[in-house]
1. GNM, the chain, Cα, under 10 Å: largest mean-square fluctuation among Gly76, Gly64, Gly227?
2. Report the relative contact order of the chain, percent, no decimals, based on alpha-carbon pairs under 8 angstrom and at least 6 residues apart.
3. Which semi-axis lengths, in whole Å and largest first, follow from the square roots of five times the eigenvalues of the Cα gyration tensor of the chain?
4. Could you work out the local net charge near Gly184, counting Lys and Arg as +1, Asp and Glu as -1, over the other residues with Cβ closer than 13 Å to its Cβ?
5. With every protein chain left in place, what is the accessible area of His357 in Å² (1.4 Å probe, nearest 10)?
6. Mind ranking 186-192, 310-316, 325-331 by how tightly packed they are, going by the mean number of other C-beta atoms within 10 angstrom, highest first?
7. Return a whole-number percent for the relative contact order of the range 213-286, with Cα pairs under 8 Å and 6 or more residues apart as the contact set.
8. List every residue whose amide H lies under 5 Å from the amide H of Phe74, counting only residues 5 or more places away in sequence or on a different chain, with H placed 1.01 Å from N in the peptide plane.
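The values are calculated or read from the model by the stated rules, or taken from the named source; none is laboratory data. All figures in this text were calculated on a predicted structure; none of them were measured in a lab. Cβ coordinates were reconstructed from backbone atoms using ideal geometry, including for glycine residues, and neighbour counts include every protein chain displayed. Surface areas here come from the heavy atoms of the whole protein model, side chains and all, with no ligands, DNA or RNA. Shrake-Rupley method; radii C 1.70, N 1.55, O 1.52, S 1.80 Å.
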Amino acid sequence: MNIAKYRLEESIEIQNDIPLAPLTTLKIGGNARFFVVAQSETQVAEAFEFAERKSLELFVLGGGSNVLISDKGFDGLVLLIALKGISIADCGLRIADVNYAASGSGSVFINAAAGEDWDEFVFYCVQKDLAGVECLSGIPGFVGGTPVQNVGAYGQEVSETIVSVRCFDRNTKEFVTLANAECGFAYRTSIFNSTERDRYIVLTVTFALHQSAEPKIVYKDLKEYFGERSPSLSEVRNAVLKIRRSKSMVIDADDPNAKSAGSFFKNPIIEKSKLEELRTKNENVPFFEFGDKVKIPAAWLIENAGFNKGFVLGNVGISTNHTLALINRSGASAEEMIELKNAVQKAVEAKFGIMLHPEPVFVGF
């Protein structure tokens, strides 16, 4: 872990009573009591100090794609991360520091600031013929949110290519750089959303990508799409975007399913003994090997618990194209979304004995 002190040299603008719903993909939620846009690392530190002096709870907001804001809003300081910049990392990074799939003599190290749009970053990499994130095209949100959730899709996860994450440590009030191995990456998990939740504010992520390498084609949808053909990175990106659009998983203002947080539930990971129990009642239960356990598609559980695509509950519902996406149909409240979430969880647990866990972060509840 590398550590650096900071000096307060800039000033921040403290705003009051700012609506948060427009800053999220669900378009739900009340106002922030205090609000700061941070465009530099120093401003992040200053915002933290303001919250500490005022004894305010601090919530860090990125692209707003993985949050559900309470109807009453947030009675503290919301810090919007707006740090920008994408650059080739300096040569001080050693290939030996990268002890996972991204390592190799052809690796190119890229720094991406936390406030950069994730899909625009993926596009940048594909345009530069850098492989490693092409299957993550179309995912909404900012770069800074990707290590927190260990974002993954279509057979690829960011943990495969992340070298390090530069953060502000709220405990020590210092800037630190955490290596991949220190981030505790697992399925949709890292120390940032588990053991060290609310400790680190992500500022910059460094990735190791492969120059002119073949794209990763391991996911069933992509294998079927390309068959025996070996596609380019651009073709894979376009295919992923096409597939995601067909499932309303790309933000599109003209799509009635657009106001969602993406996949609302994680795919549950269960013991193989539990799978055998399920298969005694339904031999067609789909599953994927996951180490010494198995992963069950949450969408299958939801559908077989009686909630189909297009299900409606007042102003909320389930996407007509993707069972995992809970949507704001029009003018929905957070209370309504919670009601639907609870109903889905209760039905799945009652039928299969499995509790589904939400992916979004709940703010202000």
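1. Checking each option, the largest mean-square fluctuation is seen for Gly227.
2. 17
3. 32, 28, 19
4. +1
5. Result for His357: roughly 110 Å² accessible.
6. Ranking, from highest mean packing down: 325-331, 186-192, 310-316.
7. About 16 percent, as a whole number.
8. Here the answer is Asn31, Ala32, Arg33, since their amide H atoms fall under 5 Å of that of Phe74.
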